[in-house]
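Reviewing the structure listed below.
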């Protein structure tokens, strides 16, 4: 039985992709899954060092993350990608290659992303100091039919993660356990 699959978090910088990936990694490991997280910032430091932010470089970065997810998925590992991945065409290409793929759109209003920005990147982008910044001076193409849409300004990360887990169970990727551990104990 194949147990590997890919969870692909996409959304603006500051949407909450990495936070959700961390929560899901912990929960999936607790359920006995082998899990690897490919965080966009970490991947750019190691696997995609030297790439810039042109359309071509962004697409190359996403294809590299996608290839790693494909290999992990094929080897019965749950791959969790948390990357802005702004262009729909490349995300769809990765989906087709991986096969067992769950797209999670982490939707956030730009104002909320700006308020969450501890690095000050949005302020620099809005001031014109950073070119090609997704959501400000570069486009972000929202998914047309993601398996899950999270509105991260409207619920806690734990509630969002529980919704992703419920979707994974409904889609047949996970056996049902229902809630995160802290929610299970509170409901008992």
**Filter pass, residue 8 being at pLDDT 95 or above, in a helix (DSSP H, G or I) and at negative phi** = no
**Request:** Mind listing whichever residues of the range 133-150 are surrounded by 15 or more Cβ atoms within 10 Å (Cβ to Cβ) and in a loop (DSSP other than H, G, I, E, B)?
**Result:** 133, 135, 136, 140, 143, 146, 147
**Asked** In the range 50-62, how many residues are farther than 19 Å from residue 14 by Cα, touching a residue at least 24 places away in the same chain (Cβ under 8 Å) and crowded, with 16+ Cβ neighbours inside 10 Å?
**Response** 1
**Message:** Among the residues of the range 33-42, are any within 21 Å of residue 132 (Cα to Cα), without any contact (Cβ under 8 Å) to a residue 24 or more places away in the chain and in a helix (DSSP H, G or I)?
**Reply:** yes
**Asked** Just a yes or no: is a residue in the range 52-71 assigned to a strand (DSSP E or B) and under 28 Å from residue 119 (Cα atoms)?
**Response** no
**Test: residue 47 is exposed (fewer than 15 other Cβ atoms within 10 Å of the Cβ) and either at positive phi or in contact with a helix residue (DSSP H, G or I) (Cβ under 7 Å, 6 or more places away or on another chain) (or both)** = yes
**Message:** With the requirement that a residue be touching a strand residue (DSSP E or B) at 6+ places or on another chain (Cβ under 9 Å) and either free of Cβ contacts under 8 Å to residues at least 40 places away in the same chain or assigned to a strand (DSSP E or B) (or both), what does the range 72-91 give you?
**Reply:** 78, 79, 80, 81, 82
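The values are calculated or read from the model by the stated rules, or taken from the named source; none is laboratory data. Model, not experiment: these values are computed from the prediction. All Cβ positions, even for glycine, are placed from backbone atoms using ideal geometry, and neighbour counts span all protein chains on display.
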